[in-house]
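Worksheet: the structure to be examined is printed underneath.
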Amino acid sequence: MKIKHTISDNTITISLDGELDASSSVMLDEELSNPSIMMFSKILVDCKNLNYISSAGLGVFISHLQRFEDAQIKLIFFNMQEKVRNVFEILGLDLLMTIVGSYEEAVTIAND
Amino acid sequence: MTNTLRVSCDRKNLKTIRQFVTDTLAPVPLTEITLNQIILAVDEICANMIIHANQEDSKQFLNLTIKYDDQVMVFELTDNGKAFEQANYREPNIKENIRQGKKGGVGVALVNRIMDKVEYSVKGSTNICVLHKYIN
């Protein structure tokens, strides 16, 4: 799993590249637990190269979602592959998290 | 068709397990989504065996045997760690997990929703989990 950041103003875009399982999700959890992430008001997660997610990967997002909502930080997923989106859907997480098609849609929703 | 893999209880081996499932099921006509779901279900059971049943003790091993014909795929997973207590299992409330910031507890729910039959048993010191998925 490779994680890249792009920062512009109050937005951080996190690009995930690889597979998020019980082994690799530890790295993502450390990223999202870093206090500096709370400086941003928008977190965009680019899932274009995210090829796999297990419950451990979902658990990382589940465990931080409330903290972000409480701080009025928007968490938006975009470019998600259909097979990865399907895993969110099995648990109904697609209804509890914001998942959109493109980067442009993510930016529009983030600025609403 | 039968194929078996034995790996030590190290979470880094999950990738090897997923590749083994992918390779073994290559001849089976499955959609990308269904294949991914099956890989996920096996990965979840293996992760629980490695992390919870065997506390990531790399001296311990788990075995995965995959059998299939033109109607059903059967995945048999065995280990010698702490048995999964099915009687104490409760389906997670995802909204409550979000509210509590809970990291774990949704893996078995994924397995139950993906597979057509999930069976747990114990034979001597061996724990056995058998997953069945019918081929449409």
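The values are calculated or read from the model by the stated rules, or taken from the named source; none is laboratory data. Since the structure is predicted, the reported quantities are computational estimates derived from the model, not experimental observations. As a convention, Cβ positions derive from the backbone with ideal geometry for all residues, glycine included, and neighbour counts pool all protein chains shown.
List of remarks:
- Residue B:37 surrounded by 13 or more Cβ atoms within 10 Å (Cβ to Cβ) and within 28 Å of residue A:63 (Cβ to Cβ): yes
- Residue match in the range A:57-72 (condition: of a type in the set (A, V, I, L, M, F, W, C), within 30 Å of residue B:45 (Cα to Cα), within 14 Å of chain B (Cβ to nearest Cβ) and part of a loop (DSSP other than H, G, I, E, B)): no
- Selection within the range A:73-110 - among the polar types (S, T, N, Q), more than 27 Å from residue B:41 (Cβ to Cβ) and either in a loop (DSSP other than H, G, I, E, B) or touching a strand residue (DSSP E or B) at 6+ places or on another chain (Cβ under 8 Å) (or both): A:102
- You will find that of A:105, A:69, the residue that is without any contact (Cβ under 8 Å) to a residue 12 or more places away in the chain, of a type outside the set (A, V, I, L, M) and over 24 Å from residue B:33 (Cα atoms) is A:69 and no other.
- Residue list for the range B:1-14, restricted to those being in a helix (DSSP H, G or I) and in contact with a strand residue (DSSP E or B) (Cβ under 7 Å, 6 or more places away or on another chain): B:13
- Scope the range B:41-99; condition over 12 Å from the mean Cα position of the chain (by Cα) and among the small types (Gly, Ala, Ser); matching residues: B:53, B:58, B:81, B:83, B:87
- Only listed residue being small (Gly, Ala, Ser) and surrounded by fewer than 20 Cβ atoms within 10 Å (Cβ to Cβ), chosen from A:55, A:33: A:33
- Restricting the range B:119-136 to residues that are free of Cβ contacts under 8 Å to residues at least 40 places away in the same chain and either charged (D, E, K, R) or assigned to a strand (DSSP E or B) (or both) leaves a set whose member that is surrounded by the most Cβ atoms within 10 Å (Cβ to Cβ) is B:120.
- Residue match in the range B:83-91 (condition: surrounded by 13 or more Cβ atoms within 10 Å (Cβ to Cβ), modelled with pLDDT of 95 or more and either aromatic (Phe, Trp, Tyr) or more than 24 Å from residue B:122 (Cβ to Cβ) (or both)): no
- Taken as a whole, the structure places residue B:64 among residues that are at pLDDT 95 or above and either more than 12 Å from chain A (Cβ to nearest Cβ) or in contact with an Asp or Glu (Cβ under 7 Å, 6 or more places away or on another chain) (or both).
- Condition met for residue B:73 (closer than 27 Å to residue A:85 by Cβ, crowded, with 16+ Cβ neighbours inside 10 Å, in contact with a strand residue (DSSP E or B) (Cβ under 6 Å, 6 or more places away or on another chain) and within 14 Å of chain A (Cβ to nearest Cβ)): no
- Every pair of residues 6+ apart whose Cβ atoms lie under 8 Å, when the first sits in the range B:14-28 and is farther than 12 Å from residue B:2 by Cα and in contact (Cβ under 8 Å) with a residue 60 or more places away in the chain while the second is of a type in the set (Phe, Trp, Tyr) and surrounded by 13 or more Cβ atoms within 10 Å (Cβ to Cβ): B:28/B:68
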